[in-house]
Each structure stands twice: as structure tokens, then as C-alpha cells.
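Q: Once you've had a glance at the structure underneath, I'll fire off some questions.
The values are calculated or read from the model by the stated rules, or taken from the named source; none is laboratory data. This is a predicted model, so every value here is computed, not measured. Cβ: placed from backbone, ideal geometry, glycine included. Neighbour counts: every protein chain shown.
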Amino acid sequence: MNLSTHIGGLALENPVIAASGTFGYGEEYIKAGDVSWFGAVSIKGTTIAPRAGNPPPRTCETPSGLLNSIGLENPGARVVIGQKLPWLARFSVPIIANISAVSCEEFSELAGMFAKSPHVSALEVNVSCPNVKAGGIAFGTSADMCYEATRAVRKAWKGPLIVKLTPNVADMRAIAKAAVEGGADALSLINTLVGMAIDIHSMRPVLGNITGGLSGPAIKPVALRCVWEVSQAVSVPVIGMGGICSATDALEFIMAGASAVAIGTGLLIDPELPRKVTQGIKEYCESRGIESLQEIVGAAWR
Amino acid sequence: MDLRQIHDVDARIVRLSNIRGNLYSMCLEAPEIARTAKPMQFVNIALGDSTDPLLRRPFSLSGIHPDRGTIGITWAVVGRGTQIMAGWQAGRSVRVLGPLGNGLGIDRLCIDHGLVLVAGGTGIAPLTPLASQALEKEAELQVFYGARSASELLDTGDLGAACMVHLATEDGSVGFGGLVTGLLEARLSAGALGNGRPTVVSCGPKPMLNHVKQICNRHGLPLLVSLEARMACGYGVCQGCVVPRAGGKQGYYRVCTDGPVFRAEDIELGECTG
């Protein structure tokens with residue numbers, strides 16, 4: 001059974017990716033899991049300058065979901081490129097560098113910085129973070145801005161280019177097409193849905209940042225619908241994510257049109273989930289005589 | 001090469017008991033965790049196969065028994081997760097991820113200068129393995145322990161026979177009448193510790209930790225505090241459970257992996273979560 005897949009020029013041994021922001025840079029993860037279980041890993045969203053992140057509380061559990069407002073806490077591109085990536089590269093698993101910026105100029109500069117690292121297999125442009133005041137989601141909610149940001153990165157980065165999209169828009173297909181026109185080789189979807197929770201005892205929002213991004217099984221049906229729509233609207237591969245907690249969940253995304261899947265919130269609950277999901281996909285395919293994963297990508301609409 | 005130090009195990013509940021009121025404790029068969037766990041570390045317990053509640057729940061270890069291959073936790077029912085756990089029975093298997101957090105061992109300093117533990121409410125639970133280790137290594141040990149009333153004091157077991165245990169209850173039903181911090185201050189001012197400079201380790205509600213910090217500052221005693229926080233992953237990847245750094249330093253520490261034990265001067269206690 002062949003589990004390998006391709007994401008815009010990036011070859012993966014298996015279709016399971018660590019979603020950005022739930023894997024850090026691997027240093028903590030290796031104490032609980034094995035990096036080699038993943039087909040690729042997407043590092044914590046990185047900005048040019050270090051960011052301290054948002055004031056706590058930063059997380060709140062909701063029915064089958066998790067709200068977070070971490071706020072892109074990261075040590076900055078220089079530290080990531082100089083220290084984190086060389087360390088992570090030892091595991092020989094493709095590294096996807098997730099980057100976030102407040103302007104096209106910054107996106108271009110960041111892409112240029114990562115282009116000099118020998119350890120980056122692909123860039124993932126984060127135009128969908130709901131938890132930062134400037135930049136972030138703003139780039140992902142306008143087709144024009146998404147096009148410009150993607151183009152800025154495309155000019156500075158020759159390798160596989162992934163754009164991570166937000167579902168907090170009227171029609172993701174328009175934004176997706178803009179990203180592809182701007183030079184995206186693949187699309188990641190979905191980032192979190194903007195939400196909030198209120199503490200009735202203090203009569204205040206639970207999160208320090210007031211709003212946060214909703215993830216987990218609660219958003220899976222929305223994410224599946226997005227993958228279904230976008231994968232049929234564009235010609236580039238789609239990485240599907242949103243509440244994947246089992247091989248069944250992953251298979252649903254693949255059949256909706258995803259060429260690979262990412263695990264985020266599920267990883268927070270079970271560090272061994274990537275191994276279980278890959279194994280489950282393999283068993284499903286073997287039991288049905290499916291020889292290659294590619295046979296079932298988009299099976300639900302093909 | 002397997003670099004894993006944190007195990008996700010199917011742990012059988014050996015014993016689960018309702019201590020009284022909303023207080024519960026259980027003993028779990030988890031040899032992989034018991035073998036390497038240090039005092040003040042914690043485990044993240046899955047509530048079942050359902051996605052609601054979604055996240056695991058973090059609990060400090062109130063017992064570590066490598067010889068028997070068991071660990072213990074003690075909890076108060078404060079929400080849905082702890083309520084679900086209260087309904088479990090011995091024999092059931094639960095998923096337990098651990099050991100997590102930095103933990104605290106008894107070092108040379110503690111052995112030479114002694115140890116003072118200050119606990120409020122269920123805060124005594126994580127200090128129990130530390131106290132046992134201190135006694136094993138023959139470090140001088142004193143325990144200050146307070147709760148609202150006698151009925152809320154947890155059993156300190158064999159500690160009372162092996163070291164000084166100073167009890168305080170807010171309603172005066174047992175021991176000193178008032179807060180445990182009032183008792184600590186009174187004993188320190190009366191010279192109870194002589195000229196020694198023991199390390200103080202404290203676990204309990206945030207206002208109590210703040211008060212202990214002020215007292216230790218006044219008496220020039222080093223203080224370590226163990227924090228509680230709502231956590232998502234518990235193993236350092238999500239950056240959700242943070243506490244602000246003190247001393248004009250920018251940024252945050254993660255309670256789950258930088259802590260839960262911190263030097264009091266390193267963190268802003270006024271703003272921590274949970």
C-alpha cells in the first residue's frame with residue numbers, strides 16, 4: 001500500500017502533517033512522540049521579530065472544541081533559522097516553515113530569510129491568523145491582498161509554496177483562486193474559526209484577547225465543506241485540516257479532495273495520533289484493495 | 001532512537017475513593033510513569049473516548065510508588081471533567097500521559113538547610129511525595145497546612161509522626177485559627193526556624209502564594225511555588241498555559257514545561273492563569 005503523496009512539488013512519505021502551532025519546533029514533541037511518524041511538519045508561525053504572544057488566559061475548552069488566542073508567540077526568524085531548524089532537520093522529515101507578516105514587504109523579507117536555510121522544504125504563508133492585530137487574517141479575507149501577499153513570497157522563494165487560508169470569509173473559492181494566481185503551489189485549509197466564550201461569574205470574556213480561534217472536532221464539518229469546495233475550484237493540491245482526531249476523520253478529508261491532512265488540536269490530546277492515523281488509513285486502504293492513496297483523493301466528488 | 005520520556009499509558013484504576021464532600025483520590029497502575037516521576041510533576045488524564053469534554057485534565061501526583069508501579073492523584077470536583085472522574089470506579093482503565101512538568105527533587109541545599117512546605121487546601125497533595133523524599137534523605141522538614149475547616153483538611157498520613165506539621169483552619173476548628181500564612185508569619189517571627197535558611201515550597205490558591213511570597217521576602221527565605229493552570233496539551237507545544245515573567249523581563253513562561261515549579265522571583269503571580 002503506497003501512502004506517499006505530493007504537495008505542490010513536495011514529496012511526502014505519508015499524508016499526515018503536524019499542523020502549525022501544535023508542534024512548536026519539535027523540541028517538546030520528541031519527548032512524547034516521534035517526528036518520523038509525520039509525512040512533514042509545519043513549524044509554529046514565525047515572524048521577523050520575536051513575539052511575546054497574547055496575555056492569558058489563552059485557551060478555553062468549548063463543546064468538542066478549543067478556543068485559543070496564543071498570538072503567534074515565537075522567538076523570531078533569526079533564532080528559528082539559526083537554531084530551531086538545524087536541530088529539527090536531524091529527523092529527516094520535510095520541514096514546512098509557516099510564516100506570518102504585517103505587510104507584503106515583510107512577507108518578502110521573511111521568505112528571503114527562509115530561502116537561505118538549507119532545511120526548509122516548503123513555505124506555508126499564514127494569511128489566516130485570527131489572533132494578531134495587524135496583518136494575519138486581513139491578508140486572507142481579501143482576494144486582492146491574498147494575491148499580493150502570495151506574489152511577494154513567490155518572488156523571494158522558489159520552492160514549494162503553500163498558502164494557509166481562513167474560513168472566516170463569504171467564499172473561500174475566490175480567495176483560493178487569488179492565492180493560486182499569486183503563485184501558490186498548494187493550499188492549507190482551514191485555519192481556525194473566530195469565536196469567543198464568556199465567563200458568567202466574572203461577566204467578562206474568558207480569553208485575555210477577547211476572541212480566539214476555534215479548532216477541534218466542532219469545526220470538522222465546516223472544514224470538510226471548505227476542502228470539498230476549494231479542491232474542486234482550483235487545480236493545486238489541498239492540505240485538509242480541522243478537527244482530525246482519527247483515521248476516519250482523515251479519510252473523510254482525503255475523499256473531500258485533500259491530498260494530505262494536518263493534525264492540530266488532536267495532537268494536543270494525543271501525541272501518538274499521527275502514528276494511529278497513518279496506520280488506520282493504511283488498514284482501510286488494504287482492506288478495500290486500494291493500492292495508492294491517490295486513488296481516493298477527492299473520491300467523494302470524482 | 002526513541003527519545004520519548006513521556007508515556008501515554010492505559011492505566012488501571014486500582015482504587016478510587018471519595019475522601020469526603022467533593023474531594024476524591026485514586027491510585028493508578030502506571031509503572032512506566034511511576035518509575036521516572038519526580039515529586040511535583042503531573043499527569044494529563046483523558047476523560048474517555050468522547051470529544052466532549054475534549055481535552056485531558058492535568059493533575060499533580062499525590063503519590064509516586066515505583067516499587068508498586070503506581071501513582072496517586074487527589075482532586076476536588078470543580079467542573080465537568082472532575083465530576084466525570086468522580087463517577088469512575090476501580091478496575092476501569094484510563095489514558096494517562098506523563099510524567100509532565102519540571103518537578104522538584106530534594107537537592108543538597110534542602111538537605112543542608114532544611115525544607116518548609118506551605119500548603120493550602122488540596123495544595124497539600126503534590127507536596128506529599130516531596131515530603132516523603134525529604135524524610136527519606138533526612139532533610140529537616142516542617143509543614144504548614146491550612147484549609148477552611150477541619151472537615152476540609154486532607155489526611156497528612158505518616159507525616160505527622162515524622163516531622164512538625166502545623167495546622168491552621170479559618171474557622172479555628174483545628175490548630176491555629178486563621179490563614180496558614182498567618183500561622184507561618186507568627187512562627188517565623190517567633191524564631192521557629194532558628195538561624196536556618198530553609199527553602200520554602202508552596203502550593204495552593206494564588207492569593208495564598210502571593211502572601212507566602214511577601215512573608216519569604218521579609219524573612220529572606222528562598223521560595224519555590226507550584227502553579228496550577230488550565231492546560232490544553234500539558235507537554236509544551238501549544239503555548240496556552242502561560243504565566244508572565246517577572247523582573248522587567250518580556251514574555252511568558254509555560255506552566256506545563258517551564259514549571260509547574262518556579263522560583264517565586266521569576267514570575268508575576270498577580271497575573272497567572274487558572
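Q: In region B:105-115, is there at least one residue being of a type in the set (Lys, Arg) and farther than 30 Å from B:Gly194 by Cβ?
A: no
Q: Would it be correct to say that A:Met203 is surrounded by fewer than 22 Cβ atoms within 10 Å (Cβ to Cβ) and in contact (Cβ under 8 Å) with a residue 60 or more places away in the chain?
A: Values: surrounded by fewer than 22 Cβ atoms within 10 Å (Cβ to Cβ): yes; in contact (Cβ under 8 Å) with a residue 60 or more places away in the chain: no.
No, not satisfied.
Q: Something else now. When you go through (1) among the β-branched types (Val, Ile, Thr); (2) surrounded by 24 or more Cβ atoms within 10 Å (Cβ to Cβ); (3) within 14 Å of another protein chain (Cβ to nearest Cβ) one by one for A:Ile99, which number turns out not to apply?
A: Evaluating A:Ile99 over (1) among the β-branched types (Val, Ile, Thr); (2) surrounded by 24 or more Cβ atoms within 10 Å (Cβ to Cβ); (3) within 14 Å of another protein chain (Cβ to nearest Cβ) leaves (3) as the failure.
Q: Moving to a separate point now. Would you point out the residue of region A:266-286, among those that are among the acidic types (Asp, Glu) and over 20 Å from A:Thr192 (Cβ atoms), that is farthest from the other protein chains (Cβ to nearest Cβ)?
A: Quick first cut of region A:266-286, residues among the acidic types (Asp, Glu) only: A:270, A:272, A:283, A:286.
Going one step further and asking which of them are over 20 Å from A:Thr192 (Cβ atoms), we end up with A:272, A:283, A:286.
Working: A:Glu272: 6, A:Glu283: 19, A:Glu286: 24 Å.
Here the residue is A:Glu286.
Q: Give just the number: which of (1) more than 12 Å from B:Val118 (Cβ to Cβ); (2) assigned to a strand (DSSP E or B) does B:Ser173 not satisfy?
A: (2)
Q: How about region B:127-151: which of its residues are surrounded by fewer than 24 Cβ atoms within 10 Å (Cβ to Cβ), of a type outside the set (S, T, N, Q) and assigned to a helix (DSSP H, G or I)?
A: B:Leu135, B:Glu136, B:Ala150
Q: Considering only residues that are farther than 11 Å from A:Pro56 by Cα and either more than 9 Å from chain A (Cβ to nearest Cβ) or outside any loop (DSSP other than H, G, I, E, B) (or both), which ones fall in region B:225-252?
A: Of everything in region B:225-252, those that are farther than 11 Å from A:Pro56 by Cα and either more than 9 Å from chain A (Cβ to nearest Cβ) or outside any loop (DSSP other than H, G, I, E, B) (or both) turn out to be B:Val225, B:Ser226, B:Leu227, B:Glu228, B:Arg245, B:Ala246, B:Gly247, B:Gly248, B:Lys249.
Q: Let me ask another. May I ask you to verify whether B:Gly105 is within 18 Å of B:Gly63 (Cα to Cα) and surrounded by fewer than 16 Cβ atoms within 10 Å (Cβ to Cβ)?
A: On the way: within 18 Å of B:Gly63 (Cα to Cα): yes; surrounded by fewer than 16 Cβ atoms within 10 Å (Cβ to Cβ): yes.
Yes: the conditions hold for B:Gly105.
Q: Could you list all residues from region B:38-71 that are aliphatic (A, V, I, L, M), over 20 Å from B:Asp158 (Cβ atoms) and in a loop (DSSP other than H, G, I, E, B)?
A: Result: B:Ala46, B:Leu47, B:Leu54, B:Leu55.
Q: So which residues in region B:209-223 are in contact (Cβ under 8 Å) with a residue 60 or more places away in the chain and crowded, with 22+ Cβ neighbours inside 10 Å?
A: B:Leu209, B:Val212
Q: Can you tell me which residues in region B:221-250 are at pLDDT 95 or above and among the small types (Gly, Ala, Ser)?
A: Within region B:221-250, B:Ser226, B:Ala232, B:Gly234, B:Gly236, B:Gly240 meet the criteria.
Q: Whether any residue in region A:273-290 is part of a loop (DSSP other than H, G, I, E, B) and either at pLDDT below 95 or of a type in the set (Asp, Glu) (or both) is what I want to check.
A: no
Q: Now, a different point. Looking at A:Glu73, A:Glu61, which is the one that is facing chain B (nearest Cβ under 9 Å), surrounded by 20 or more Cβ atoms within 10 Å (Cβ to Cβ) and free of Cβ contacts under 8 Å to residues at least 12 places away in the same chain?
A: Of the residues listed, the single one that is facing chain B (nearest Cβ under 9 Å), surrounded by 20 or more Cβ atoms within 10 Å (Cβ to Cβ) and free of Cβ contacts under 8 Å to residues at least 12 places away in the same chain is A:Glu61.
Q: Look through region B:235-274, keep the residues that are under 21 Å from A:Pro50 (Cβ atoms) and of a type in the set (Phe, Trp, Tyr), and return whichever of them is nearest to the chain's Cα centre (by Cα).
A: B:Tyr253
For (1) more than 24 Å from A:Ile281 (Cα to Cα); (2) buried (at least 21 other Cβ atoms within 10 Å of the Cβ); (3) free of Cβ contacts under 8 Å to residues at least 24 places away in the same chain; (4) touching a strand residue (DSSP E or B) at 6+ places or on another chain (Cβ under 8 Å), each residue gets a yes or a no:
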{"position": "A:Tyr29", "(1), (2), (3), (4)": "no, yes, no, yes"}
{"position": "A:Val35", "(1), (2), (3), (4)": "no, no, no, yes"}
{"position": "A:Val41", "(1), (2), (3), (4)": "no, yes, no, yes"}
{"position": "A:Pro50", "(1), (2), (3), (4)": "yes, no, no, yes"}
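Q: Can you name every residue in region B:85-102 that is in a loop (DSSP other than H, G, I, E, B), surrounded by fewer than 21 Cβ atoms within 10 Å (Cβ to Cβ) and within 14 Å of chain A (Cβ to nearest Cβ)?
A: Result: B:Asn102, single match.
Q: Any chance you could count how many residues in region A:76-92 are within 14 Å of another protein chain (Cβ to nearest Cβ) and either crowded, with 24+ Cβ neighbours inside 10 Å or under 13 Å from A:Gly26 (Cβ atoms) (or both)?
A: 6
Q: Which count do you get for residues in region A:160-196 that are in contact (Cβ under 8 Å) with a residue 24 or more places away in the chain, assigned to a loop (DSSP other than H, G, I, E, B) and out of contact with any Ser or Thr (no Cβ under 6 Å at 6 or more places or on another chain)?
A: Total satisfying the criteria: 5.
Q: I would also like to ask the following. Would you point out the residue of region B:45-79, among those that are within 14 Å of chain A (Cβ to nearest Cβ) and of a type in the set (Lys, Arg), that is surrounded by the fewest Cβ atoms within 10 Å (Cβ to Cβ)?
A: The extreme case among them is B:Arg57.
Q: Which of the residues spanning region B:6-33 are assigned to a loop (DSSP other than H, G, I, E, B) and either small (Gly, Ala, Ser) or over 21 Å from the mean Cα position of the chain (by Cα) (or both)?
A: Residues satisfying the conditions are B:Gly21, B:Ala30.
Q: Given the criterion within 12 Å of chain A (Cβ to nearest Cβ), polar (S, T, N, Q) and within 20 Å of the chain's Cα centre (by Cα), identify the matching residue among B:Thr82, B:Thr36.
A: So the residue among B:Thr82, B:Thr36 that is within 12 Å of chain A (Cβ to nearest Cβ), polar (S, T, N, Q) and within 20 Å of the chain's Cα centre (by Cα) is B:Thr36.
Yes/no matrix, rows are residues, columns are (1) surrounded by fewer than 24 Cβ atoms within 10 Å (Cβ to Cβ); (2) among the aliphatic types (A, V, I, L, M):
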| residue | (1), (2) |
| --- | --- |
| A:Ala256 | no, yes |
| A:Gly264 | no, no |
| A:Pro274 | no, no |
| A:Tyr284 | yes, no |
| A:Glu291 | yes, no |
| A:Arg302 | yes, no |
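Q: Take the residues in region B:22-33 that are over 17 Å from B:Gly79 (Cβ atoms) and surrounded by fewer than 21 Cβ atoms within 10 Å (Cβ to Cβ), then tell me which one is nearest to the other protein chains (Cβ to nearest Cβ).
A: B:Glu32
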